[in-house]
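Here's the structure we're looking at; comments come further down.
The values are calculated or read from the model by the stated rules, or taken from the named source; none is laboratory data. This is a predicted model, so every value here is computed, not measured. When we count neighbours, we look across all protein chains shown, and the Cβ atoms used for this are built from the backbone with ideal geometry, even at glycine. With ligands, DNA and RNA removed, areas are computed over all heavy atoms of the protein, side chains included. Shrake-Rupley method; radii C 1.70, N 1.55, O 1.52, S 1.80 Å.
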Amino acid sequence: MDTTESNPSAIRRRRRRPQRRRARDRRDSICDGLLVVVVVGSALAIGTVHIPALLVVSAFALIGATLEASSLRRVPWPAVVLAVLGLFSALQAVPLPAAWVSGLSPVSAAVWLRSLVPFGEAALRRFPLSLDEGASVAEALKWLTYACVYIMAIHVRARRGSVWLALVLFGSASLVTLITLAHGVAELTQLYGVYEPNFTVGRWSLGPLLNSNNLAGYAILGLFAGGGLMVSGRSPLPRLPLTIGLGVISAALCLSGSRAGIVSVLAIGVVTLIGLARSQGTRFSLRNLVLGAAPVLIGIAAAVALGTSSEVTQLASLDARRKVSVWLWSLPMIRDHALFGVGRGSFETAFSPYRQALDYDWAIVFTHAENFVVQWIAEWGVPVGLCAVLLIVGYVLREWYGSRSDRLRFLVMAGLVALLVQNLADLGLEVPALAIAAVLALATGERAASSPETESAKPFGRLAFAISAPVLGLWIGTLVWSRFPVELERREMAVAFRALSVKNTDQIARFRAELRGAMRRHPGESYFPLLGSLVAMQTNEDNALIWIGRALELGPTNGPVHLVLARLLHEHGANTQAMLHLRLAAQYDRTLAGLAGAHASLWAPSIDVLLQAIPEGPYGGSMLLEACAKQRSTELKVSCYRRGTLRDPLSSEMQQKLAEALLLAIQAGKSPCNELVVGSCTAEAEAALRTAEKLEPKSWRPPYLMSKVMLARGDAVGAAQILTRVCPPSAEGDQCWQEAIAIAIQSRSESAIARAADVFATRPCDALEACANSLDWLAGKLASGDQPALANTFYTRAAEADPSADRWLKVAEHATQAHLYGVAGAALERADRSPDNSVSSRAHAELLRQAVARGSGSPL
């Protein structure tokens with residue numbers, strides 16, 4: 001007799017086994033679903049760059065990792081590294097005594113100690129090492145979320161295999177790129193039809209990631225994951241869906257315009273092919289190469305069909321000065337914060353004092369270093385940042401090399417290496433969605449992830465608590481302290497400032513309270529003290545200079561700060577110093593050149609003082625042109641442009657403006673070109689235009705102005721001949737042609753008039769009606785200029801271009817007035833045969849016939 005049959009406890013154990021198995025299966029299914037939700041959802045939620053989206057994604061990742069931790073004996077070391085970096089980021093945000101921070105990071109301490117100086121408050125006694133504690137807390141949550149995603153991924157891989165993870169990665173990338181291409185094809189301006197980006201987004205970048213470089217990075221991972229599924233022969237998907245997905249991803253990558261992304265794919269792709277051939281002795285036939293490359297070629301063809309010259313220009317551009325400049329400017333910041341960095345997530349606010357002037361992208365805000373190595377070292381400090389780079393990059397390269405025996409894992413790891421290469425110039429790893437996809441790729445391709453050390457599922461234990469507790473704590477901390485990212489606060493404070501009423505003291509007090517909170521949260525941001533200085537100036541307070549001084553400390557190359565300081569100095573009568581800061585405003589931010597030039601022209605008592613506000617270099621000329629144009633008198637304008645041609649003799653526009661100013665002075669008979677010196681002014685204008693013609697031989701403007709010089713000398717025939725030769729045939733030259741016809745008629749030269757009219761009549765036009773209207777206008781001008789016969793010729797050509805009863809009646813009417821009765825009779829016959837002939841037109845024709853009969857003396 002079997003004793004277990006009579007043992008109640010054994011019976012209960014046998015019954016509980018299926019129940020535990022079903023519970024474990026349900027838990028595994030939930031974890032699988034959570035991983036898909038985190039990966040795909042993080043990408044679709046605008047890359048999870050906004051705090052609310054980060055909180056949702058991290059909550060799902062925390063739940064999934066906690067469930068998986070119930071069967072985990074120890075945390076895998078890649079997850080440990082990610083978690084340690086997250087915890088270090090959190091430690092950077094912990095408030096410390098001021099003396100401690102002064103010893104550990106003197107430059108950061110100086111920023112914090114002076115953060116509330118404009119308010120007249122005492123220095124803070126406690127503050128963190130990070131210059132943006134809210135951003136550091138959010139970054140800490142991101143990195144712990146990446147650790148949770150890794151824990152989830154390796155367990156899903158243990159249950160379902162690498163193919164399942166690669167399929168999730170490939171599917172997510174296909175979906176993101178497909179949505180992006182759909183937005184581009186439809187030429188939408190809002191994401192999902194509802195979200196309006198607060199910055200300019202290219203046509204082929206408007207998608208879930210909203211940035212061409214981030215899109216390229218995501219496409220790289222999807223491209224290599226899909227390639228691995230195809231070449232490994234282990235994909236559960238048929239070849240057709242794989243081909244379509246790879247084609248969509250390839251098209252999006254090409255249209256993204258990311259040069260670093262395309263270069264990294266090409267370079268790592270070649271290395272990958274060589275590695276596969278050497279490790280497995282694979283022989284690539286022409287047929288296999290064509291079949292393997294077909295999806296990518298299809299994508300490239302689609303990109304060529306959808307793209308325009310702007311995408312080609314973006315890809316072909318070799319200009320990398322902005323990126324290289326940021327790397328170089330970051331070096332002094334790294335030196336000043338060598339041990340503990342500026343704080344994870346604080347690059348944007350900490351970088352401003354180290355930024356120098358660019359000759360383009362003047363007003364751009366540098367949120368990142370565009371290089372993950374520079375970014376990590378700058379924010380974490382040299383010790384931690386360098387260790388993070390060496391550990392992560394070294395581990396990825398080792399796993400890539402070690403996975404050569406498995407095609408799928410080797411290609412997925414190749415995609416991760418290509419992503420790291422791309423992020424040396426196009427930083428996208430700061431976007432959580434892309435970092436989560438990279439963690440998934442690491443778990444898919446690495447060797448150690450295939451056999452995690454697990455045990456049977458058990459209730460929530462110590463390890464699960466050790467994983468979930470810090471993540472939960474940082475989740476709450478992010479909810480409390482990271483709700484005000486600096487970009488959002490800049491926009492909100494700008495809106496509040498524009499709505500501010502300086503007469504409302506309560507409103508001013510509330511604004512200052514909000515401003516204090518913003519400066520307390522972001523002590524390194526120069527925009528907030530700039531707003532404070534504007535409020536102080538509007539309310540006529542004495543501390544405006546303190547505010548602007550603080551803004552200048554934080555943003556020494558911030559153009560708007562110098563512009564406001566120039567205004568403050570002018571109000572206090574310090575015009576020389578005001579000119580200095582107007583020059584710096586235009587030098588650091590060319591978009592302010594027009595405004596700075598206008599201020600300089602109003603404030604400067606003389607041209608010599610005005611020139612002190614003009615920066616050196618090619619961009620000073622545009623500011624000087626603006627300033628000269630604003631001069632109140634003709635004499636000052638001429639003097640200003642004369643100094644401008646001496647300062648910038650190679651500027652064709654400056655030479656033309658000088659000639660225009662001289663011609664206006666000649667026409668008005670005012671100084672410096674009154675009657676006694678008209679000849680010398682005319683000669684000076686001609687010399688300036690000769691110089692402009694040499695500088696811009698293809699431009700029609702200098703010869704056009706030269707015609708006015710000819711007119712000033714009384715040579716209308718010569719002026720008409722010049723205009724007939726140089727006026728553009730396009731709509732741009734309409735005014736020029738009107739002047740050409742008027743001057744030709746004024747000259748009374750039959751040949752000049754006929755030549756101008758003939759050339760004008762040959763101008764291209766969009767439609768027959770437009771041609772007829774143009775000829776009709778010309779005929780009217782000739783008729784009013786006492787050229788009846790020539791006028792009638794062009795009235796006839798207008799009627800022939802657009803035959804109608806009204807036009808032929810007009811020909812007959814003007815021919816009758818010019819005593820061209822034969823022409824009038826023929827025009828009346830054409831009017832009678834016109835399809836639109838009506839009762840009124842026939843009555844009009846009858847009256848004209850009577851006039852023709854009376855004039856010609858012939859019977860009706």
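Quick rundown of the values:
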read-out	value
Enumeration of residues in segment 184-207 that are under 19 Å from the mean Cα position of the chain (by Cα) and more than 13 Å from S256 (Cα to Cα)	E187, L188, T189, Q190, L191, Y195, E196, P197, N198, F199, T200
Cβ pairs under 8 Å, 6+ apart, first in segment 485-496 and under 16 Å from A135 (Cβ atoms), second open to solvent by less than 40 Å² (accessible area, probe 1.4 Å) and small (G, A, S)	P485/G134; P485/A135; P485/A138; V486/A135; E489/A518
Every residue from segment 712-745 that is hydroxyl-bearing (S, T, Y) and in contact with a helix residue (DSSP H, G or I) (Cβ under 6 Å, 6 or more places away or on another chain)	T724
Filtered residues of segment 664-676 (kept if in a helix (DSSP H, G or I) and exposed (fewer than 15 other Cβ atoms within 10 Å of the Cβ))	Q667, A668, E675, L676
Scan of segment 20-39 for residues that are closer than 24 Å to R483 by Cα and open to solvent by 20 Å² or more (accessible area, probe 1.4 Å), ordered by number	V37
Yes/no for L129 being in a loop (DSSP other than H, G, I, E, B) and open to solvent by less than 50 Å² (accessible area, probe 1.4 Å)	yes
Subset of segment 107-124 [free of Cβ contacts under 8 Å to residues at least 40 places away in the same chain and in a helix (DSSP H, G or I)]	A109, A110, L113
Of all residues in segment 566-576 being without any contact (Cβ under 8 Å) to a residue 24 or more places away in the chain and either open to solvent by less than 50 Å² (accessible area, probe 1.4 Å) or under 21 Å from Y619 (Cα atoms) (or both), the one that is farthest from the chain's Cα centre (by Cα)	A574
The one condition in (1) touching a residue at least 60 places away in the same chain (Cβ under 8 Å); (2) under 25 Å from P52 (Cβ atoms); (3) open to solvent by less than 10 Å² (accessible area, probe 1.4 Å) that K142 fails to fulfil	(3)
Breaking point among (1) surrounded by 18 or more Cβ atoms within 10 Å (Cβ to Cβ); (2) among the aliphatic types (A, V, I, L, M); (3) free of Cβ contacts under 8 Å to residues at least 40 places away in the same chain, for L210	(3)
Top-ranked residue of segment 520-547 - restricted to ones that are in a helix (DSSP H, G or I), open to solvent by 10 Å² or more (accessible area, probe 1.4 Å) and in contact (Cβ under 8 Å) with a residue 40 or more places away in the chain, ranked as farthest from L124 (Cα to Cα)	I546
Subset tally (residues that are part of a helix (DSSP H, G or I) and either open to solvent by less than 20 Å² (accessible area, probe 1.4 Å) or closer than 15 Å to P560 by Cα (or both)) for segment 584-630	25
Number of the exception - S235 against (1) more than 30 Å from the chain's Cα centre (by Cα); (2) surrounded by 24 or more Cβ atoms within 10 Å (Cβ to Cβ)	(2)
A659 closer than 27 Å to R583 by Cα and over 38 Å from the mean Cα position of the chain (by Cα)	yes
